[in-house]
Amino acid sequence: MKALVTGGAGFIGSHVVDKLIENGYEVVVVDNLSRGKKENVNKDATLVVADIRDEKTIEELFKEHNFSYVFHLAAQASVSVSVKDPVEDANVNIIGSLVLLKNSIKYGVKKFIFSSTGGAIYGDDVDIFPTPESVFPKPISPYGIAKFSFENYLRFAKKEFGLNYTVLRYANVYGPRQDPFGEAGVVAIFTMRMLNGEDVIINGDGEYIRDYVYVEDVADANLRALKAGDGMEINIGTSQGTSVNQLFDYLKKITGYTKDPVYGPPRKGDIRKSLLCYTRALEELRWKPKVDIEKGLRLTVEWFKRNFKA
C-alpha cells in the first residue's frame, strides 16, 4: 500500500512517516521545506520537494503513484502568524488542502486522514472541559477557522463523492524534532532557550492552560486512523491541563535552568484554556495517550541535548 504524507519532513509528519514505514507502507513525502528538514525524512521514504499549492506537480504525483492513503499534515501552523496574515494562512490551509482533496477524489484515494486542531478549533466560548467533539467549533483565530473550513470540505467530499476520511483534532503536540526557532511550539522554544542559558519569555500571565500530547502518541493515532474512525472528527489529547507556568517549572527542573521567566504581552488569538476529551479516540481508534507530560518532557530535553549544541 502506498501513502502520501504532506509535511512529512516536518515535526509531526516525519514521525507519521516513520510509523507508516515501520508497518510496511510505501511512503511518498511532499514538503516545501519551508519549515521541514531533509534530515527528518526516513531514508526509506521518497521525498518530493514541492508546495501543496502547486497544482501541476501535485496532480502528476497522484497520477504516477496511485496513492491508497493521504495523510495531510502540511500547514501554516502558527496561530499568531495567521492573525498577522490571514490571507496567506488561508492560501496554505484551505486552498492548498483543496488541491489535495480534488486529486484524492479524482484518483480514487481510499482514505484521507487530516491533521486538524483541537487547540484552536473550539474557541473560547467553551464550558465543558475536557472538551468533547460534540461541542460545536467556534474558532477565534484564522488558523482555527481555516482548519474547520477544510473539515467541512471533507464532509462535502464524502457526501458528494464518497471519499472516506478521518479528521484528527490535535491538542498541543510536543516532542523530538519540533522547531525551536519558530513562533509555534512552546516546549521546543523553552527547552532550547533553557539549554542555552537564555531568557525564557512567557506571553501573558502564564496561566494559559493547554493539553500537551507527545508526538509519538499522535503518530500512533494516525496509523490507527487508517482502519477506523471513518467519517469522524476525533480529538487526540490527554485530557490533562498544564499551564505555561507549570510547563516552565517542569522544564526548569529537568534542564537545571536557574533563571526566572520574563513575562511579555499576551499573543493575539490565543485562547485561555484548551483541554480535549479523548473518549471517542478510545472507543473508535482504541487509542489513548501513553506518555505523560513529565516523561515526554524528559525525552524531549534528552533529544535536544543530543541534536543541538549550545
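The values are calculated or read from the model by the stated rules, or taken from the named source; none is laboratory data. Computed from a prediction, not measured in an experiment: that's the story for all the values here. In this analysis, Cβ positions are derived from the backbone assuming ideal geometry, glycine residues included, and neighbour counts consider all displayed protein chains. Just so you know, the surface numbers come from the protein's heavy atoms only, side chains and all, with ligands and any DNA or RNA stripped out. Shrake-Rupley method; radii C 1.70, N 1.55, O 1.52, S 1.80 Å.
Annotation: per residue accessible area for the chain equals 44 Å², rounded to a whole number [probe 1.4 Å, protein chains only]. Accessible area per residue (1.4 Å probe, heavy atoms of protein chains only) ranks THR279, THR238 as THR279, THR238, with the largest value leading. The slack in the chain from LYS295 to TYR263, taken as 0.36 nm per residue of separation less the alpha-carbon distance, amounts to 8.9 nm.
A viscosity of 1.002 mPa s and a temperature of 20 °C, combined with the Kirkwood radius over C-alpha pairs in the Stokes-Einstein formula, give the range 232-299 a diffusion coefficient of 148 µm²/s. Of PHE71, MET192, LEU33, which is farthest on the positive side of the dipole of the chain, counting Cα position, with +1 on Lys and Arg Cβ, -1 on Asp and Glu Cβ, and the Cα centre as origin? So the residue we want is PHE71.
For the range 115-211, the equivalent ellipsoid built from the Cα gyration tensor has semi-axes of 31, 17, 11 Å, listed from largest to smallest. Across the range 54-179, the volume of the C-alpha convex hull divided among the residues equals 123 Å³ per residue. Spacing of the modelled spin labels on ILE105 and ASP44, each 7 Å from Cα toward Cβ, amounts to 3.5 nm. For the pair ASN196 and PHE161, a Förster radius of 35 Å applied to the C-beta separation gives a FRET efficiency near 0.10, rounded to the nearest 0.05. Beyond 18 Å in Cα-Cα separation lie the following of the pairs LYS19/LYS102; LYS84/LYS268; LYS2/LYS290; LYS37/LYS288; LYS110/LYS158; LYS106/LYS158: LYS19/LYS102; LYS2/LYS290; LYS37/LYS288.
Counted by Cβ distance under 10 Å from SER104, the other residues give a net charge of +4, where Lys and Arg count +1 and Asp and Glu count -1. One Cα centroid belongs to the range 205-265, the other to the range 1-77; the line between them spans 24 Å.
For the residues ILE128, ILE293, ILE113, a GNM of the chain with alpha-carbon springs under 10 Å puts the largest fluctuation on ILE128.
Peptides 135-142, 212-219, 36-43 ranked from most to least packed by the mean count of surrounding Cβ atoms within 10 Å: 212-219, 135-142, 36-43.
Put simply, the C-alpha atoms of the range 51-100 give a gyration tensor, and the ellipsoid matching it has half-axes of 25, 11, 6 Å, longest first. Spin-label model, VAL135/ARG306: points 7 Å from Cα along the beta carbon direction are separated by 3.6 nm. By accessible area, using a 1.4 Å probe on protein heavy atoms only, the range 1-159 has 52% of its surface on carbon and sulfur.
Points 7 angstrom from Cα along the Cβ direction at ILE95 and ASP230: gap in nanometres? With each label point 7 Å from Cα toward Cβ, the separation is 3.5 nm. Taking Lys and Arg as +1 and Asp and Glu as -1, the other residues whose beta-carbon sits under 12 Å from that of ALA157 total +4.
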